[in-house]
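Shown next, in C-alpha cells, is the structure this report addresses.
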Amino acid sequence: MNLDTLARTALATALVAYLWLIGTRMEDPYPEMLIEGYAMPLTRMGLLALVLVAAAWSPTVGVLSALAFACLGMDVLLLTR
C-alpha cells in the first residue's frame, strides 16, 4: 500500500468518524472555536477551497468533506437563530 492510498484511507476514515460522531447528533454541540470561525466569511471560503482541493485529489474524500461542510453550515444556521 503506497502513501497516497494510506492518506486517502486515513482521511476518509477520519471524515466518516467526524460525520458519525458530530455531524449526525443534534445533542452534541460543535466546538466553540469552529462555530466562531464559521462566522467569518474568509473561513467559509477557506473551507470551501479545502473541499474543492480534496475533491480534485480524491472523489471519496471530496464527497465526505463536502458533507461535513454542509452539516456544519446547516447546524450553525439552524442552531444560532
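The values are calculated or read from the model by the stated rules, or taken from the named source; none is laboratory data. From a predicted model like this one, the values you see are computed outputs, not experimental measurements. Note that we place each Cβ from the backbone using ideal geometry, even for glycine, and neighbour counts take in every protein chain shown.
Which residues, counting only those in segment 1-17, are modelled with pLDDT of 80 or more and among the hydrophobic types (A, V, I, L, M, F, W, C)? The answer is 3, 6, 7, 10, 11, 12, 14, 15, 16, 17.
Restricting attention to segment 4-14, the residues being among the β-branched types (Val, Ile, Thr) and surrounded by 12 or more Cβ atoms within 10 Å (Cβ to Cβ) number 1. The set of residues from segment 15-47 being in a helix (DSSP H, G or I) and exposed (fewer than 13 other Cβ atoms within 10 Å of the Cβ) comprises 17, 20, 21, 32, 33, 36, 41, 42, 45, 46. Residues in segment 18-37 that are at pLDDT below 80 and more than 30 Å from residue 6 (Cβ to Cβ): 5 in all. The set of residues in segment 10-60 being basic (Lys, Arg) and in contact with an Asp or Glu (Cβ under 7 Å, 6 or more places away or on another chain) is empty. Per the conditions (1) more than 17 Å from residue 70 (Cα to Cα); (2) part of a loop (DSSP other than H, G, I, E, B); (3) in contact with a helix residue (DSSP H, G or I) (Cβ under 7 Å, 6 or more places away or on another chain), the sole criterion not satisfied by residue 11 is (2).
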